[in-house]
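The values are calculated or read from the model by the stated rules, or taken from the named source; none is laboratory data. What you see is a predicted model, and the numbers here were worked out from it, not measured in a lab. Cβ placement follows ideal geometry from the backbone for every residue including glycine, while neighbour counts extend to all protein chains displayed.
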Amino acid sequence: MGNQSNYTPDFLVQFSSSNCDDFEDFPVPMLIEIKPKKKLAEDWDKLKPKFRAAHRFAADKGWKFKIISETRLYDQYWENINFLKKFRRSHIDAVDQQLLLDTLQKLGQSTINQLPAHLFKDKTNVLKGDSPSLGTSGKANDCL
């Protein structure tokens, strides 16, 4: 046996089942290590055994192990900002804003696709649209 050392990855990401309708699509937990690109290049030989151990540990539990550099974090950060910038000048009626907030409060969390599905269903599980400022006229086609 070689030298033993302690190593703790940065994050364990666990996903909520409420984000998936099908068990087959449910993502497995991910053990994540974040390291600057420069440090990965400079210290790769020293880090590699630790990463292998983390990979084995994750695989034994049915998880994935990912190494992410700061460039990946910033790419996602800017992608999110650019996506959200499109909506910053949008006007949302106060009633609709409260409806969105109330729905999110009830759900606890939601994907961007799940939220409209919860907003535009009635008790018989039929799509409906009855929010004037969200651009609906009461017809199911408006929600598609």
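Descriptive notes on the structure:
- Being modelled with pLDDT of 80 or more, over 15 Å from Pro9 (Cα atoms), exposed (fewer than 10 other Cβ atoms within 10 Å of the Cβ) and of a type in the set (Asp, Glu) holds for only one residue in Asp93, Asp45, and it is Asp45.
- Qualifying residue in the stretch 46-67 (condition: touching a helix residue (DSSP H, G or I) at 6+ places or on another chain (Cβ under 7 Å) and among the aromatic types (Phe, Trp, Tyr)): yes
- Tyr74 passes every criterion in (1) farther than 30 Å from Phe120 by Cβ; (2) assigned to a loop (DSSP other than H, G, I, E, B) apart from (2).
- Residue in the stretch 10-19 that is over 30 Å from Leu115 (Cα atoms) and either surrounded by 11 or more Cβ atoms within 10 Å (Cβ to Cβ) or modelled with pLDDT of 80 or more (or both) present: yes
- Number of residues in the stretch 109-132 that are within 26 Å of the chain's Cα centre (by Cα) and at pLDDT below 60 equals 1.
- Close Cβ contacts (under 6 Å, 6 or more residues apart or on different chains) running from residues in the stretch 76-98 that are in the same structural domain as Leu115 (by TED's automatic domain parsing) to residues that are among the aliphatic types (A, V, I, L, M) comprise Asp96/Leu134.
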